[in-house]
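Input: a single structure, listed below in structure tokens.
The values are calculated or read from the model by the stated rules, or taken from the named source; none is laboratory data. Nothing here was measured: the structure is a model prediction, and the numbers come from that model. A quick note on method: Cβ atoms are made from the backbone with ideal geometry, for glycine too, and the neighbour counts reach across all protein chains shown.
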2 protein chains.
Amino acid sequence: MDAVRAVERLTRSIEDFNSVFIRLPASDRLSFSALSVLHTLSRLGPCRLSDLVGTEQIKQPALTSAVAKLERDGLIERRPDPCDGRASMLSLTADGQSIVSRRHADRAERLRSLIDRLSPADRTRLLSIAGVLDQIVQLASEHGEKPDERSGK
Amino acid sequence: MDAVRAVERLTRSIEDFNSVFIRLPASDRLSFSALSVLHTLSRLGPCRLSDLVGTEQIKQPALTSAVAKLERDGLIERRPDPCDGRASMLSLTADGQSIVSRRHADRAERLRSLIDRLSPADRTRLLSIAGVLDQIVQLASEHGEKPDERSGK
DNA sequence: GAAACTATATTGATCTTCGATCTAACTCTG
DNA sequence: CAGAGTTAGATCGAAGATCAATATAGTTTC
């Protein structure tokens with residue numbers, strides 16, 4: 001089972017890499033959950049609160065208050081959903097988008113400065129892995145990949 | 001500036017990948033910060049609270065209470081530091097280690113099931129990237145990479 | 001051994017989260 | 001189209017996490 005070993009090893013490397021890459025947020029006076037909401041809205045585009053319940057790792061009441069705070073802070077906007085009187089469509093404001101973009105740019109810049117110090121061969125290998133990662137994401141969204149049902153209850 | 005573009009692209013792919021990979025914890029009734037403390041202790045081995053202040057994204061008082069809770073839960077242990085009467089050495093208990101290991105195993109398993117569906121060539125490319133990631137981590141720890149000083153104040 | 005420093009604990013205020021419930025709006029069935 | 005059931009989201013109260021500021025106790029320096 002050397003294949004298992006290799007995945008093991010990769011998993012560990014990614015875990016360590018993420019300690020560097022994520023550099024757990026803490027910025028902007030926004031909680032981790034709030035940042036995650038902004039990020040999701042940026043990727044998915046406008047969506048409803050209940051869509052976020054599926055993607056975020058917090059429950060609906062917490063999401064309601066997170067969204068309320070983000071709206072007070074002027075980072076997201078809500079407008080009535082024309083198709084469903086109960087729902088609102090949430091979207092990023094320019095300020096909200098700029099926070100997401102800024103964080104993305106910071107990560108890219110840190111990554112760039114590290115990648116610059118790799119050997120040309122390794123640099124090429126790493127940069128060319130993006131497409132494979134995208135495939136993994138694609139596979140994960142196709143396959144079940146439910147929001148982790150096994151947790152107690 | 002196509003190099004910048006490539007890093008840009010990789011950064012985005014990693015961000016998306018991490019949404020799949022991390023699957024924000026939520027497990028075991030432990031907060032994200034508490035899990036991070038366990039993970040760090042597992043990687044660094046026994047260390048003092050002030051060492052964790054450097055690696056974790058929370059401030060010392062929050063760390064004190066996180067550590068207190070983890071100790072109450074029997075996941076970490078503290079014994080007096082023989083060299084310094086003010087400090088204690090913190091270390092994982094068997095239970096604490098097993099939570100870290102379990103989470104690692106879960107991630108590896110999910111990753112394995114996704115990697116299995118890649119083409120053999122892509123699978124090989126992805127698995128072989130571990131060493132490059134390790135180098136990045138190494139580079140980051142050499143270079144300054146301070147705990148993100150630019151945040152206000 | 002007093003002053004300065006360091007490691008951690010405590011305090012009080014604020015924010016986050018959750019479970020349980022509530023309301024309003026939608027959908028269906030007959 | 002009425003009433004039953006369902007869904008989207010809000011609210012409430014309690015528990016936990018976080019922070020800034022400060023307190024305490026051990027250490028080092030001169």
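Okay, here's what the table says:
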item	result
Top-ranked residue in the range B:41-67 [being assigned to a helix (DSSP H, G or I) and in contact with a strand residue (DSSP E or B) (Cβ under 8 Å, 6 or more places away or on another chain); ranked as nearest to DNA strand D (Cβ to nearest atom)]	B:V67
Candidates A:F21, A:F32, A:F17, filtered to the one that is hydrophobic (A, V, I, L, M, F, W, C), within 20 Å of B:E15 (Cβ to Cβ), within 13 Å of DNA strand D (Cβ to nearest atom) and at the interface with chain B (Cβ under 8 Å from one of its Cβ atoms)	A:F32
Selection within the range A:68-89 - closer than 18 Å to A:L30 by Cα and either near DNA strand D (Cβ under 8 Å from one of its atoms) or buried (at least 16 other Cβ atoms within 10 Å of the Cβ) (or both)	A:A68, A:L70, A:E71, A:D73, A:L75, A:I76, A:E77
Single residue of B:T40, B:T11 found to be closer than 19 Å to A:I14 by Cβ and in contact with a Ser or Thr (Cβ under 6 Å, 6 or more places away or on another chain)	B:T40
Verdict on A:V37 being within 12 Å of DNA strand D (Cβ to nearest atom) and within 24 Å of B:S33 (Cα to Cα)	no
Residue under evaluation B:T93, criteria (1) more than 30 Å from A:D28 (Cα to Cα); (2) more than 16 Å from DNA strand D (Cβ to nearest atom); (3) within 14 Å of chain A (Cβ to nearest Cβ); (4) of a type in the set (V, I, T), criterion not met	(3)
Residue within the range B:81-91 that is within 22 Å of B:S19 (Cα to Cα) and in contact with a Lys or Arg (Cβ under 8 Å, 6 or more places away or on another chain) present	no
The one condition in (1) among the hydrophobic types (A, V, I, L, M, F, W, C); (2) within 15 Å of A:E15 (Cβ to Cβ); (3) not in a helix (DSSP H, G or I) that B:C83 fails to fulfil	(2)
Residue among A:F17, A:F21 that alone is assigned to a helix (DSSP H, G or I), touching a residue at least 12 places away in the same chain (Cβ under 8 Å) and more than 10 Å from DNA strand C (Cβ to nearest atom)	A:F21
Members of the range A:99-111 that are surrounded by fewer than 15 Cβ atoms within 10 Å (Cβ to Cβ) and over 20 Å from A:L52 (Cα atoms)	A:R102, A:A105, A:E109
Residue list for the range A:104-118, restricted to those being among the small types (G, A, S) and either facing another protein chain (nearest Cβ under 7 Å) or in contact with a His (Cβ under 9 Å, 6 or more places away or on another chain) (or both)	A:A108, A:S113
Residues (modelled with pLDDT of 90 or more and facing chain B (nearest Cβ under 8 Å)) located in the range A:1-14	A:A6, A:V7, A:E8, A:R9, A:L10, A:T11, A:R12, A:S13, A:I14
Single condition B:A26 does not satisfy, out of (1) closer than 17 Å to B:G96 by Cα; (2) more than 8 Å from every other protein chain (Cβ to nearest Cβ); (3) modelled with pLDDT under 90	(2)
